[in-house]
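*Asks:* For reference, the structure I am asking about is given below.
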Amino acid sequence: MSKLIAKDLLAAGGHFGHRRSRFHPSVKPYIYTIREKMAIIDLDKTDDLVKKAIEFMKKIRQADGRILCVATKERIADLVKETAIKIEEPYCWYRWIGGGLTNFEEAIKRNLRRLQQTRDRLLKEESFVTKREKMIEEKKLRRLEQLYGGMENLKQLPEAIFIVDPVREKTIFREAKSLDIPIVAIADTEI
């Protein structure tokens, strides 16, 4: 493992898993040891899997595929949002709307049209009679941007999905599995 990544993971506590009673049996090969009933994650195996995930995502991007980035945990959502914007990939940082993948046309595309229509209405000042009407439209726009703003460049189903914490994001995880969309996830030992 590169020393910098290992050092960063150690500093961030990335090697700590859950208590032994809470970790999932499928993660056993990735656990280095158990200390004081706490799982310690093997950073060498983590490094191998991270490299494999990076190579997979590079292939998708080289083929002009889309990777939907999903993270709604407050501690990480902003970082994932900033990174997705920087690499020009769609993202969901506020809340995943159920059926977003399995009912893509209705759940995402229709609401993206509503988002654009609301923006257009707000640009036309004369379309509002009162300040209250304008305020209601602005509130609707903020809500739509929270939910769908990061997915504006998603014109079709993504070729892969990057999820931070698949336990928390179980809805999109299940939807992606049912549609056979590949998933790259950062998970803890509780999966």
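*Asks:* Assign unit charges at the C-beta atoms only (+1 for Lys and Arg, -1 for Asp and Glu), then state the dipole size of the chain relative to its Cα centre in Debye, rounded to the nearest 20.
*Replies:* About 460 debye.
*Asks:* While we're here: Would you please give the residues with an amide H less than 5 Å from that of ILE186, counting only those at least 5 places away or on a separate chain, with H modeled from the backbone geometry?
*Replies:* ILE163, VAL164, ASP165
*Asks:* Any idea how far the Cα center of the range 126-191 sits from the one of the range 55-94, in Å?
*Replies:* Comparing the Cα centres of the range 126-191 and the range 55-94, I get a distance of 11 Å.
*Asks:* A follow-up question, please. Helix 110-123 against the longest principal axis of the chain: what's the angle in degrees, Cα atoms only, rounded to the nearest 10?
*Replies:* Helix 110-123 and the main axis of the chain meet at about 50 degrees.
*Asks:* Simple spin-label model, 7 Å along Cα-to-Cβ: ARG114 to LYS58 in nm?
*Replies:* Spacing of the two 7 Å Cα→Cβ label points: 4.1 nm.
*Asks:* Now, a different point. When the C-alpha atoms of the range 45-191 are aligned to their principal axes, what extent does each axis show, in angstrom, from largest down?
*Replies:* Cα extents, longest axis first: 62, 31, 28 Å.
*Asks:* List the lysines whose Cα sits under 27 Å from the Cα of LYS109, skipping any in the same chain fewer than 8 residues away.
*Replies:* LYS58, LYS59, LYS73, LYS81, LYS86, LYS124, LYS134, LYS139, LYS140, LYS155, LYS170, LYS177
*Asks:* Ok, one more. Extending each Cα 7 Å along its Cβ direction at ASP44 and SER127, get the distance between those two points in nm, one decimal.
*Replies:* Roughly 6.1 nm, to one decimal.
*Asks:* Could you check what % of the DSSP bridge pairs in the range 69-191 are antiparallel, to the nearest 5? Working shown, then result.
*Replies:* Numbers: 0 of 8 bridges.
Antiparallel: roughly 0 percent of the beta bridges in the range 69-191.
*Asks:* Under 17 Å from a point 7 Å along the Cα-to-Cβ line of ILE76: which residues of the range 141-171 have their amide N that close?
*Replies:* It comes to 161-171, nothing else.
Read the figures in this text as sums done on the coordinates, not as results from a lab. Computed from a prediction, not measured in an experiment: that's the story for all the values here. Glycine also receives a Cβ, built like all others from the backbone with ideal geometry; neighbour counts cover every protein chain displayed.
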